[in-house]
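Peer 1: Structure incoming, see below.
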Amino acid sequence: MKEKTSISLSRDVLTRIDRLAGTKYSRSELIERVLRLYLRDKARNELHAHDLERINSAASRLNAEAADALEYQSLERE
């Protein structure tokens, strides 16, 4: 269900929106499409950031284990 709202935009922004919308979309349709894309990308970026934190955490632990293994192997050769 659509909700009616009112926003204030500068004239130059409205001019650019009208140009982009052309005859295919209304201002509202164009703004909603753009905001949906923005919100989708923002959610995706937040998910990727969370995944990157998990990867980095695992990488730190695995790097420490690898360093321990290499140190142990070098001690065995002495």
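Peer 1: Looking at Tyr38, Tyr25, which is the one that is among the aromatic types (Phe, Trp, Tyr), surrounded by 10 or more Cβ atoms within 10 Å (Cβ to Cβ) and outside any loop (DSSP other than H, G, I, E, B)?
Peer 2: Tyr38
Peer 1: Kindly list, by first and then second residue, each pair from a residue in the range 18-31 that is within 17 Å of Ser6 (Cα to Cα) to a residue that is β-branched (Val, Ile, Thr) and assigned to a helix (DSSP H, G or I), limited to pairs with Cβ atoms under 7 Å and residues at least 6 apart or on different chains.
Peer 2: Arg27/Ile17; Leu30/Ile17; Ile31/Ile17
Values in this text are rule-based calculations from the coordinates and carry no lab data. Nothing here was measured: the structure is a model prediction, and the numbers come from that model. Methodologically, a virtual Cβ is constructed for each residue, glycine included, from the backbone with ideal geometry; neighbour enumeration extends over all protein chains shown.
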